[in-house]
Amino acid sequence: MEFFLFLTEDATFFASLLQLTIGLLLGIAMGLTGVGGGILIIPLLQFVFGMEPVLSVGTASLIASLVKVNASFCHIKASNVDWQSVKGILFGAVPIGIASAYAVVRLNHSSEYSQLISSGVQILIIAVMFFALYALVTKYLSSKRKVQPHSRLLVQERRPFHQAVLSGGLCGLVIGTTGIGGGVLLLPVLNSHLGINIKKSVGSSIVIALVLSASTSFVYAQGGQSDIPTALMLVLGSLVGVPIATSLLKQLSETSVYLVTLSVICVSILIMMLTNVF
């Protein structure tokens, strides 16, 4: 890790090359697995670039919002967005997400609470990552059953608007404090809890994550907890990686995609563990 720090501090060219390369790998990983950027980005920001937990959350939120712009427009154009659910979730998520991000930034600036906040954010990040792993394993095992679980979704009733607001509040709290949860939390909430079909759940989750990540990243940036140059370089690299992933995805079976996704999440968790050890 000291070698990477040497590059980023003393060699601008190699630092930029490193950022672009990592962005490329992130783009490939996100394109292949569909895993939200936070799970992949935050461990690398901490381990490779030596960022503190709160700074890594702010930077990851900015990256997540930027990479979702194009995808959001594509889903809106394809009518893959359930606007009623989007409004409900955002109504609860945005104010709580902004408030939680503001609280994290403010308390992190306090000498009395900064260490507690840093440790708390790190624990929450790891907890959400393990939840993502659990959710994916459960989904993978369900896909292996002869009776597919989606059959019961066909008769599932739409939930009331206030349930979308309450669900949004929970998602906003998690995303605002950890920078993770765009796909891990929002997709199950939309599909399983609110009864939205899977295509519109995917499109709606991306639009919600875009708005929520953008709003919370602004709060982190205002508080000096966002490395904007690094974020832009990683996003630039990811723009090259996503098309590569799209080509590779055509050659992989559904089982292979699940296994690749599981591997990526496990590696991310391992990196987080190594970050805490070293």
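Read the figures in this text as sums done on the coordinates, not as results from a lab. Just so it is clear, the structure is predicted and the values come from calculations on it, not from any experiment. As a convention, Cβ positions derive from the backbone with ideal geometry for all residues, glycine included, and neighbour counts pool all protein chains shown.
Here are some notes:
- Computed FRET value (nearest 0.05) for LYS139 with PHE14, which takes r as the C-beta separation and R₀ as 51 Å: 0.80
- Total lysine pairs under 17 Å (Cα atoms) in the range 2-277, excluding pairs fewer than 8 apart on one chain: 7
- Dipole magnitude for the chain: about 1400 debye, using +1 per Lys or Arg Cβ and -1 per Asp or Glu Cβ, origin at the Cα centre.
- Most fluctuating residue given options ALA103, ALA64, ALA164, as computed from a GNM of the chain linking Cα atoms under 10 Å: ALA103
- Alpha-carbon Rg/Rh ratio, for the chain, with Rh computed the Kirkwood way: 0.96
- With R₀ set to 30 Å, the beta-carbon distance separating LEU232 from PHE161 gives a calculated FRET efficiency near 0.20.
- Selected from LEU212, LEU239, LEU26 as most flexible by GNM, with the chain as the system and alpha-carbon contacts under 10 Å: LEU239
- Given their separation in residues at 0.36 nm each and the Cα-Cα distance between them, ILE198 and LEU274 gain 23.8 nm when the chain is fully extended.
- Relative contact order, percent, the chain [alpha-carbon distance under 8 Å, six or more residues apart]: 41 percent
- Share of alpha-carbon pairs per 5 Å distance bin for the range 160-278, given as whole %: 2, 9, 12, 17, 22, 19, 12, 6, 1, 0
- Screening the chain for whole DSSP H helices of 18 Å or more along their axis (Cα) with average Kyte-Doolittle hydropathy at least -0.5 returns 12-33, 53-77, 83-108, 114-143, 161-178, 198-222, 228-249, 254-277.
- The label-point distance for PHE91 and VAL267, in a model that sets each label 7 Å from Cα toward Cβ, rounds to 4.2 nm.
- Each helix, a run of at least 4 DSSP H residues, gives -39500 (n - 2.57); summed and divided by the residues of the chain, these come to -26500 deg cm²/dmol at 222 nm.
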